[in-house]
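Some notes on the structure that comes next.
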2 protein chains.
Amino acid sequence: MSLPLLPPGSNAERSRAYNRGLVLGHVRRAGASGRAEIARASGLSTQAVSNIIGELVAEGWLYEAGRRTGGRGLPAVTYAIDGAAGTAFGIELRPNAVLCALIDLDGRALYTDRVAVSRADPGHVVQLVSQLLDRALSNSRTKVARVLGAGVVMPGPFGKTGLSGFLTELPGWEGLDAQAMFAEALDMAVTVENDANAAAMAERVSGVAAGLSSYAFLYFGTGIGLGLVSGGTIFRGAFGNAGEIGHVPAPFEGGLRPLEEIASRMALTTALRRAGEAAETVTDLDRLFEQRHPAMMAWIEGARPALSHAVHIVENLYDPEAVIMGGALPARLLQHLTETTPLPSVSVSNRADRNRPRLLAGTAGRMTATHGAAALVINQTLTPSLGLAT
Amino acid sequence: MSLPLLPPGSNAERSRAYNRGLVLGHVRRAGASGRAEIARASGLSTQAVSNIIGELVAEGWLYEAGRRTGGRGLPAVTYAIDGAAGTAFGIELRPNAVLCALIDLDGRALYTDRVAVSRADPGHVVQLVSQLLDRALSNSRTKVARVLGAGVVMPGPFGKTGLSGFLTELPGWEGLDAQAMFAEALDMAVTVENDANAAAMAERVSGVAAGLSSYAFLYFGTGIGLGLVSGGTIFRGAFGNAGEIGHVPAPFEGGLRPLEEIASRMALTTALRRAGEAAETVTDLDRLFEQRHPAMMAWIEGARPALSHAVHIVENLYDPEAVIMGGALPARLLQHLTETTPLPSVSVSNRADRNRPRLLAGTAGRMTATHGAAALVINQTLTPSLGLAT
DNA sequence: AGGATTAAGTCAAACCAATTGAGTTATCAA
DNA sequence: TTGATAACTCAATTGGTTTGACTTAATCCT
């Protein structure tokens, strides 16, 4: 009898873990805070908050950040997160390379690396990753605080999904328990996620989504993916493949075509190649965009309605605080796309009382997904969760 | 300083409430269960489960359901939910009528009622609803167990959404706190939800979604809406309007049109009217469908690609266990639509290892949304939640 | 038939963490 | 200087889970 597993039962220890996350989460969002303030916001008693803060300070997560002046009574002693108190290791597996990054609680990269591989053979990769971790730990310039865990990014979709044979997959990994393999090799907690979700999380830990808890991230990888964060955690759907927007039909030249054949880096590269331009790297793309290369501008023109359509769907189906575009495109191009993509007027997101843009550019860079892999782990320790069933 | 509220802190009492929900949730899904079995599934100790079961039996929620035979050691004493142990009151507000229902934990209707109103004036409606509750309580044939709360269904979208002026809204309620007004008038906990979400929940409490915890529900009301259940609870998005699929463009006669102008009851009625058929009620529609009326069949033909498109989007964006169609259409027509809507092959839901249909017809009926309103409350008491931040 | 094994369940003590209420300290305001 | 206000601490209490020893009842094996 394999019933879906219930969420884990709660006891005193799990309560404490949850409440610790609550305290950390508040300090992360609100900045340096006093005990009483956190108690009010969380519904906990001052005493409980006090005990937890004592523990967090003793363990190095929080440090005393001065007294709050100006008020009426006793000035509050405030505490802030020590960004250097912990780190997370991020790994991104691509068909031809393995990337990794070590980031701290503030999302700052302490170390990054990249190794080209001829084939993404599982056994080989796992061993390589283990070496990369050792290198990262010994070669970081600053002293590395405790490593909270590792995140691994692989191109989705996962499992048996009916999308087999599509270009977004990594050959040789079908049916393997990547999570267990990496956990074993690295000897730490490991989270496996697809690139779009990881990239989305990177923006939350340190990026344009810093203050957001529910948003969608349109990720330009090879194809196009959608990362979803709801209530501060990733929305995965029943089988872990929510956000597979690449195959959704979008308008193109009077007809409908899968979004990833229109608005993806692959589509862009193809269009440029047809025009006689081999653009292999982001730098190439950046140059062509700066030159306002006709083929580039034509691609943008063609992709615009499709992106608008995608934004429309995402807004009305998820009702997010914002939609973010990011990934493996030049920053200026992303910025341009967010500024010129028409925002559908018939959308639940077109609110009268908005005070935030509907469409944002990710702070990205080529390594968003790699950073995101690590960010997954950071976010877990800074966001309370008792684990709901899926 | 209005920071987004943190989820409530956890303490012993909240833990108990959560664990009670866990136990009830297990018994709901798995049927009569013994202490040890629940303990294994929930991660709680047998003793904890034992204490909780003792409490639940004392309060009437569970009853002893015999011993489990056949096993090795001491046969387990099993417990099952007493469906009559609690009830919930559901209210549906329509522009021209107020519907209500009293249902028990198993989703059985103990009482239903319908009152035509000339205008949905808030003050008047609130008073009326209060009277309807009194009537329901005194007129039900069976004795009515404790009322756990009330659910109210109003056509969404809520708040200031940029969709003002659209037909899905209820005039006169803008800017009012319906939740507080009904809670005050009925003197009980009140949940307000849109029709699609409520209908979705009706299918989970007693319907085709009984065993599911993540699914999407395409709801045919006047327009068309999408109700979303994820992990056993409703997915609302950042502002409560997730699932507004009616305005999403869908293919129609070679072009793109908003889905609700193609595949909605309103669209169907309009098409029939053009063909000289005034179909006001579900019975009318049922008759025309049975006759295979040409206008009806033509509408179905036209709606099919749009519905397929909608299913495609929903599957790939939410990756649900199933998509359900239901609402204010004749059961036979719904059944026909689910059987003949082409299922997109390029979808994460087209899994090789599926053992459940991708598309299902709701067990529906005209009063799905009303029942759903009450089902919201039932589901809350039977599904554990510590309240995640939004 | 009878002992060994297995599993469900109870009881009482220990334990963990949050709450409660009384008291302390530091700032502002009159 | 004094009173009001607010943050915080201390110690006792409370609520709920876990732990470990024990009991009970079924099947399995000889």
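The values are calculated or read from the model by the stated rules, or taken from the named source; none is laboratory data. Quick caveat: nothing in here was measured; it's all calculated off a predicted structure. Reconstructed Cβ throughout: ideal geometry from the backbone, glycine too, with neighbour counts over all protein chains shown. With ligands, DNA and RNA removed, areas are computed over all heavy atoms of the protein, side chains included. Shrake-Rupley method; radii C 1.70, N 1.55, O 1.52, S 1.80 Å.
Side notes on the structure shown:
- Criterion (open to solvent by 30 Å² or more (accessible area, probe 1.4 Å), among the aliphatic types (A, V, I, L, M) and touching a Leu at 6+ places or on another chain (Cβ under 8 Å)) met by exactly one of A:133, A:105, A:110: A:110
- Once region B:50-76 is narrowed to residues that are under 13 Å from residue B:27 (Cβ atoms) and within 13 Å of DNA strand D (Cβ to nearest atom), the residue that is most open to solvent (accessible area, probe 1.4 Å) is B:76.
- On the stretch given as region A:67-93, residues that are free of Cβ contacts under 8 Å to residues at least 40 places away in the same chain and within 11 Å of DNA strand C (Cβ to nearest atom) total 9.
- Summed over region B:32-49, residues that are open to solvent by 40 Å² or more (accessible area, probe 1.4 Å) and small (Gly, Ala, Ser) total 3.
- Condition check for residue B:242: under 19 Å from residue B:90 (Cβ atoms) and out of contact with any Pro (no Cβ under 8 Å at 6 or more places or on another chain): no
- Among the residues of region B:227-253, the one identified as more than 19 Å from the chain's Cα centre (by Cα), at the interface with chain A (Cβ under 7 Å from one of its Cβ atoms) and more than 16 Å from residue B:313 (Cβ to Cβ) is B:238.
- The residues in region A:18-38 that are more than 7 Å from chain B (Cβ to nearest Cβ) and within 13 Å of DNA strand D (Cβ to nearest atom) can be counted, and the count is 9.
- Region A:41-64, subset without any contact (Cβ under 8 Å) to a residue 12 or more places away in the chain and within 12 Å of DNA strand C (Cβ to nearest atom), residue nearest to the other protein chains (Cβ to nearest Cβ): A:43
- Some residue of region A:43-62 being modelled with pLDDT under 95 and more than 16 Å from residue B:9 (Cβ to Cβ): no
- Top-ranked residue of region A:247-276 - restricted to ones that are assigned to a helix (DSSP H, G or I) and touching a strand residue (DSSP E or B) at 6+ places or on another chain (Cβ under 6 Å), ranked as nearest to residue B:257 (Cα to Cα): A:259
- Positions within region B:351-383 being part of a loop (DSSP other than H, G, I, E, B), touching a residue at least 12 places away in the same chain (Cβ under 8 Å), open to solvent by 60 Å² or more (accessible area, probe 1.4 Å) and over 16 Å from residue B:322 (Cβ atoms), in sequence order: B:366
- Among the residues of region B:165-172, none qualifies, meaning not one is within 14 Å of chain A (Cβ to nearest Cβ), farther than 22 Å from residue B:124 by Cβ and at pLDDT 75 or above.
- Residue satisfying all of: in region B:210-226; polar (S, T, N, Q) and open to solvent by 20 Å² or more (accessible area, probe 1.4 Å); nearest to the other protein chains (Cβ to nearest Cβ) among these: B:213
- Selected residue (only one of A:29, A:20 is open to solvent by 70 Å² or more (accessible area, probe 1.4 Å) and either assigned to a helix (DSSP H, G or I) or out of contact with any strand residue (DSSP E or B) (no Cβ under 9 Å at 6 or more places or on another chain) (or both)): A:29
- Pair list, Cβ < 9 Å and 6+ apart or interchain, from region B:125-138 residues that are under 12 Å from residue B:89 (Cα atoms) to residues that are in a helix (DSSP H, G or I): B:129/B:182; B:129/B:185; B:129/B:186; B:130/B:182; B:130/B:185; B:130/B:186; B:133/B:185; B:133/B:186
- Residues of region B:6-17 satisfying the condition of being buried (at least 18 other Cβ atoms within 10 Å of the Cβ), of a type outside the set (Ser, Thr, Tyr) and near DNA strand C (Cβ under 9 Å from one of its atoms): B:9
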